[in-house]
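Scroll down for the structure; my scribbles are underneath it.
The values are calculated or read from the model by the stated rules, or taken from the named source; none is laboratory data. None of the values given here were measured: they were computed from a predicted structure. Cβ placement follows ideal geometry from the backbone for every residue including glycine, while neighbour counts extend to all protein chains displayed.
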Amino acid sequence: MSKFAALIFDVDGTLADTERDGHRVAFNRAFAEAGLDWDWSVELYGKLLAVTGGKERMKFYLSEFNRGFHAPADLDAFVAGLHAAKTEHYKAMMAEGKIPLRPGVERLIREARAAAVPLAIATTTTMDNVTALLESTLGPDSTRWFAQIGAGDIVPHKKPAPDIYSWVLDRLGMAAEEVIAFEDSGHGVTSAANAGIRRIVVTTNGYTIGQDFSRASVVLDNMEQPMVDLAYLERL
Ligand code: XBP
Ligand code: MG
């Protein structure tokens, strides 16, 4: 039986299915508001998820899927402006309670809290988005349930780079061997594994099923069947 010192959660796709009906829709609203005719379909968005990070994803879209677009001279500022608008749309959607947590997530988080197991987050998404999701699903004080939240641009390289997991481990003052990471994507698993984390629980979703999870400990459909609880995690 192997014990653990903390649970580190990815956000998008892991805590909640935020990509298709959350981020994608928020991007499209920001594009329409800016007078752009860009429309990220469910299918196209699956391809764009090859690149993590919203600003990086927009640049990837322009370089690979919309080469004819005449971008302004200051592309970074243009993209940053669109991204800020997208974040506002995303926050508004979360405030309306548009996206629930995935099955079993709240149960596991509450069980860990009751057992005083530290919780943390390692995500590519913007901190405002993390706060908006947590507050709308777990309540107004729930960001404080997490000992560390690593999010967005605080590290130089986003997933699949290990930076965000290394940042969280540093802040927790824990070794990679002591923690369990929860992910939904191949990029997330690569990030956690390259930070030295060996126990990685994957719950797949429509966009990530079939990706390379060879470095994960276990690959599941969700956290309810089998029931992922502390007893289950101790056996990993
Ligand atoms: C999540 C992401 C994020 C969101 C958008 O990846 O790639 O970029 O799609 O968030 P992961 P921002 O679940 O692996 O962390 O627009 O705020 O960047
Ligand atoms: Mg994810």
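Overview of results
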| read-out | value |
| --- | --- |
| Restricting the stretch 10-68 to residues that are β-branched (Val, Ile, Thr) and within 14 Å of the chain's Cα centre (by Cα), the residue that is surrounded by the most Cβ atoms within 10 Å (Cβ to Cβ) | 14 |
| Among the residues listed as 37, 17, the single one being of a type in the set (Asp, Glu), away from ligand 2 (no atom under 12 Å from the Cβ) and either touching a residue at least 40 places away in the same chain (Cβ under 8 Å) or out of contact with any Lys or Arg (no Cβ under 7 Å at 6 or more places or on another chain) (or both) | 37 |
| Candidates 25, 79, 11, 105 - the one that is at pLDDT 95 or above, touching a Leu at 6+ places or on another chain (Cβ under 6 Å) and of a type outside the set (S, T, N, Q) | 105 |
| Any hit, the stretch 132-149, residues being crowded, with 20+ Cβ neighbours inside 10 Å, at pLDDT 95 or above, out of contact with any helix residue (DSSP H, G or I) (no Cβ under 6 Å at 6 or more places or on another chain) and hydroxyl-bearing (Ser, Thr, Tyr) | no |
| Top-ranked residue in the stretch 5-21 [being under 18 Å from residue 176 (Cβ atoms) and out of contact with any Asp or Glu (no Cβ under 6 Å at 6 or more places or on another chain); ranked as nearest to ligand 1 (Cβ to nearest atom)] | 9 |
| Checklist (1) touching a residue at least 12 places away in the same chain (Cβ under 8 Å); (2) surrounded by fewer than 18 Cβ atoms within 10 Å (Cβ to Cβ) applied to residue 173, failing item | (1) |
| Matching option when the condition is farther than 17 Å from residue 112 by Cβ, surrounded by 20 or more Cβ atoms within 10 Å (Cβ to Cβ) and not small (Gly, Ala, Ser), among 202, 228, 218 | 202 |
| Residue selected from the stretch 161-188 under the condition small (Gly, Ala, Ser) and on the phi < 0 side of the Ramachandran plot, by the criterion farthest from ligand 1 (Cβ to nearest atom) | 175 |
